[in-house]
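Okay, structure first, notes after.
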Amino acid sequence: MIFDVNRVRAAYPALSDGYAYLDGAGGTQVPATVIEAISDSYRSGIGNVGGTFPASDRSSSIVAECRLALADLTGGSPDGVILGPNMTTLTYRLAEALSRGWEPADEIVVSRLDHDANIRPWVQAAARRGATVRWAEVDLPTTELPPAQYGELLSERTRLVAVTAASNVVGTRPDLAAIAAAAHAAGALVYVDGVHATPHVPVDVKALGADFYATSAYKWSGPHIGTVVAEPALLETLHPDKLAPAPAGVPGRFERGTAAFADLAGVVAAVEHLAALATGPDPATGPDPATGSRRQRVLASMAAVEEYETRLFARLLDGLGAMKHVTLYGRAARRAPTAFFTVAGQSPRQVAKHLAARQVNVWSGDNYAWELAGALGLRDSGGAVRAGLVHYNDQAEVDRLLAAVDELA
Ligand SMILES: Cc1ncc(COP(=O)(O)O)c(C=O)c1O
């Protein structure tokens, strides 16, 4: 597969403003096709679902198309795609529904590597039910989440294991298949935070062993929409609070109020965008993008994205690693292309401001990886600087960041 970053960049109107958008881990820009899909829906007229007129039918079609697209992105079932505003809201909703069956002697396992959105909803739900929370710890020198510790954390009382597919700060991609296998052997369900992993790697929820897989479209070139993908049969066992006249079936009963229909059309366009990032038939790496199914095209395209980003990330890490005034956090063997670092004598926010003045967008702080920032001793000193690569970033942007950080020596 051929990944041509110049072709990819041309698809994004916002990238022409001269800034290096290395803030993708906090939210990506969107290609013109996504903007057009959203405005086309409004232009053609959309109504609420369940009506007797074409505009209502258009919204119903958008919802159905969106479930199909997200199933193609993740390898899940369209009928198990729950749509909502963002991952945090949906995770609270799932925590509420799942924890109804928990009893005081029950246990859950969360990880210190995770974004708080895959920790606090579970910790708070466990507190309400009197259940015990066990913590999987990060090996700080390597920033790995060793799967072996789950053997001791799990018991026949474990109801749920919540774990991330990739850290949103240090990038660590834990061995989810091993963790999920241990969790399933103990009879626990596995809730995977796929928000940071989805933009960077091909995703297969079944291979990961994820009973629930959460992701947010705004992290992969789509609008501000979140989803949780699960097997419909599993969702059938859960009964969230819902309005009396609202849908009783699955996945509808997990979706509250009126959906953002136009944005859902944007999600479909974003999945199409991901499926088309890499081009050119190459029998060695994947199907002909012109003829493969969308699922096949997504997998082949995201494999090319992973390869491209890994190469670019190596340049970023080598450059930062060579600077004596920079401390890098994150050493995992498998990681998303996200750098987390501090600069001697400067607060992370000062570094971010310095970079912004040179038209380089990065984040600073704990980025809601609150537990990990605490474990790394960074929580009270302003966290660290986060520079995250996505598929539209290029070498010139990385070099601009490196030159700007070098000025702070
Ligand atoms: C890894 C990870 N999980 C969860 C979230 C929360 O996602 P949302 O903003 O969709 O609630 C984020 C957002 O930054 C994230 O990076």
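The values are calculated or read from the model by the stated rules, or taken from the named source; none is laboratory data. Keep in mind the model is a prediction, meaning the values are calculated, not measured. Every residue, glycine as well, gets a Cβ built from its backbone with ideal geometry; the counts of neighbours run over all protein chains shown. Note: areas computed on protein heavy atoms with side chains; ligands, DNA, RNA excluded. Shrake-Rupley method; radii C 1.70, N 1.55, O 1.52, S 1.80 Å.
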> Do the conditions hold for ARG400, that is, is it open to solvent by 50 Å² or more (accessible area, probe 1.4 Å), within 29 Å of ALA117 (Cβ to Cβ) and more than 14 Å from the ligand (Cβ to nearest atom)?
Replying inline: no
> If you go through segment 354-386, how many residues are closer than 22 Å to ARG120 by Cα and free of Cβ contacts under 8 Å to residues at least 24 places away in the same chain?
Replying inline: 6
>> Anything in segment 358-397 that is open to solvent by less than 60 Å² (accessible area, probe 1.4 Å) and at positive phi? List them, or say none.
In response: GLY365, ASN367, GLY377, GLY382, GLY383
>> I'd like to check something: does segment 229-238 contain any residue that is in contact (Cβ under 8 Å) with a residue 12 or more places away in the chain, buried (at least 24 other Cβ atoms within 10 Å of the Cβ) and within 16 Å of the ligand (Cβ to nearest atom)?
In response: yes
> Restricting attention to segment 71-99, and to residues there that are within 16 Å of the ligand (Cβ to nearest atom) and free of Cβ contacts under 8 Å to residues at least 40 places away in the same chain, which single residue is surrounded by the most Cβ atoms within 10 Å (Cβ to Cβ)?
Replying inline: ALA95
> Within segment 201-287, which helices (runs of 4 or more DSSP H) (wholly inside it) include 2 or more residues that are in contact with a Ser or Thr (Cβ under 6 Å, 6 or more places away or on another chain)?
Replying inline: 261-275
> Restricting attention to segment 116-134, which residues are touching a strand residue (DSSP E or B) at 6+ places or on another chain (Cβ under 6 Å) and either touching a residue at least 60 places away in the same chain (Cβ under 8 Å) or assigned to a helix (DSSP H, G or I) (or both)?
Replying inline: ASN118, ILE119, TRP122, VAL123, ALA126
> Is at least one residue of segment 48-66 touching a strand residue (DSSP E or B) at 6+ places or on another chain (Cβ under 9 Å) and within 30 Å of SER293 (Cα to Cα)?
Replying inline: yes
> How many residues are in a loop (DSSP other than H, G, I, E, B), within 11 Å of the ligand (Cβ to nearest atom) and at negative phi if we restrict to segment 171-199?
Replying inline: 6
>> Pairs please, first residue from segment 1-24 and under 16 Å from MET302 (Cα atoms), second anywhere and open to solvent by 60 Å² or more (accessible area, probe 1.4 Å) and among the β-branched types (Val, Ile, Thr), Cβ atoms under 6 Å, 6+ apart in sequence or on different chains.
In response: MET1/THR285
>> Going by what's in this entry, would LEU68 be described as open to solvent by less than 20 Å² (accessible area, probe 1.4 Å) and at pLDDT 95 or above?
In response: no
> With respect to ARG159, is the statement that it is within 13 Å of ALA95 (Cα to Cα) and outside any loop (DSSP other than H, G, I, E, B) true?
Replying inline: yes
